[in-house]
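Shown next, in structure tokens, is the structure this report addresses.
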Amino acid sequence: MSARQAVKCLRLNEPLEATISVAREPRLAAAPEPATCLLCFGSGMEVVPNRGARRCRCREQERQRLLLTAARLPRRHAHCSFTNYHPAPGNVSQLRAMTDAVKIVEASASTYRGLLLTGSVGTGKTHLSVAILRGLIEKGVPCLFYEFGALLK
């Protein structure tokens, strides 16, 4: 946006014309094209010989990333998975809880519509729930993480 304004030169005492411009925010350059996938060549569909096509793995990975973001997983629990969950030696209930958690992920997504883990502080409930969430998201199931205290607020 610009405007013209008449001004007098202080030294020559003659009228001058000045143009005042208001700077706008710089326009961002268009995002570069993403690297083309060698499996689908950017189409999102991967050719399966003698079978047709399926959704490309590159799109599945992006979907998993979006689902993980939408799950509202706190950063402090981002490291939790089945591979780094270690039940206390001799604690049968923690071992059974881990076995059940793995079964939940392996079962069909329609089998479970919600999950509430109960137990004493420090027994691994949050760790297992995050591991379940991650496993379901890997299968393309949308999940949402809430700590019980937040639900009561």
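The values are calculated or read from the model by the stated rules, or taken from the named source; none is laboratory data. Everything quoted here is computed from the prediction, not taken from an experiment. Every residue, glycine as well, gets a Cβ built from its backbone with ideal geometry; the counts of neighbours run over all protein chains shown.
Quick notes on this one:
Matching residues to (1) in a loop (DSSP other than H, G, I, E, B); (2) at pLDDT 80 or above; (3) not assigned by TED's automatic domain parsing to the domain that holds PRO142:
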residue	(1), (2), (3)
ILE20	no, no, yes
VAL47	no, yes, yes
PHE82	yes, yes, no
PRO89	yes, yes, no
SER93	no, yes, no
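- Considering THR111, THR123, THR118, the condition of being assigned to a loop (DSSP other than H, G, I, E, B), β-branched (Val, Ile, Thr) and closer than 18 Å to ASN84 by Cα is satisfied by THR123 alone.
- Single residue of ARG24, ARG4, ARG59, ARG65 found to be at pLDDT below 85 and under 26 Å from LEU144 (Cβ atoms): ARG59
- Test: residue in the range 110-117 that is touching a Gly at 6+ places or on another chain (Cβ under 8 Å) and free of Cβ contacts under 8 Å to residues at least 40 places away in the same chain: no
- Any chance LEU133 is closer than 23 Å to PRO87 by Cα, at pLDDT below 80 and not charged (D, E, K, R): no
- Candidates in the range 105-129 are the residues that are within 24 Å of GLY90 (Cβ to Cβ) and surrounded by 13 or more Cβ atoms within 10 Å (Cβ to Cβ); of these, the one that is farthest from the chain's Cα centre (by Cα) is THR123.
- Scanning the range 126-140 for residues that are closer than 12 Å to LEU67 by Cα and free of Cβ contacts under 8 Å to residues at least 40 places away in the same chain turns up LEU136, LYS139.
- Scoring VAL130 on the criteria (1) in contact with a helix residue (DSSP H, G or I) (Cβ under 7 Å, 6 or more places away or on another chain); (2) farther than 27 Å from ARG57 by Cβ leaves a single failure, condition (2).
- The lone exception for GLY90 - which of (1) surrounded by 12 or more Cβ atoms within 10 Å (Cβ to Cβ); (2) on the phi > 0 side of the Ramachandran plot it fails: (1)
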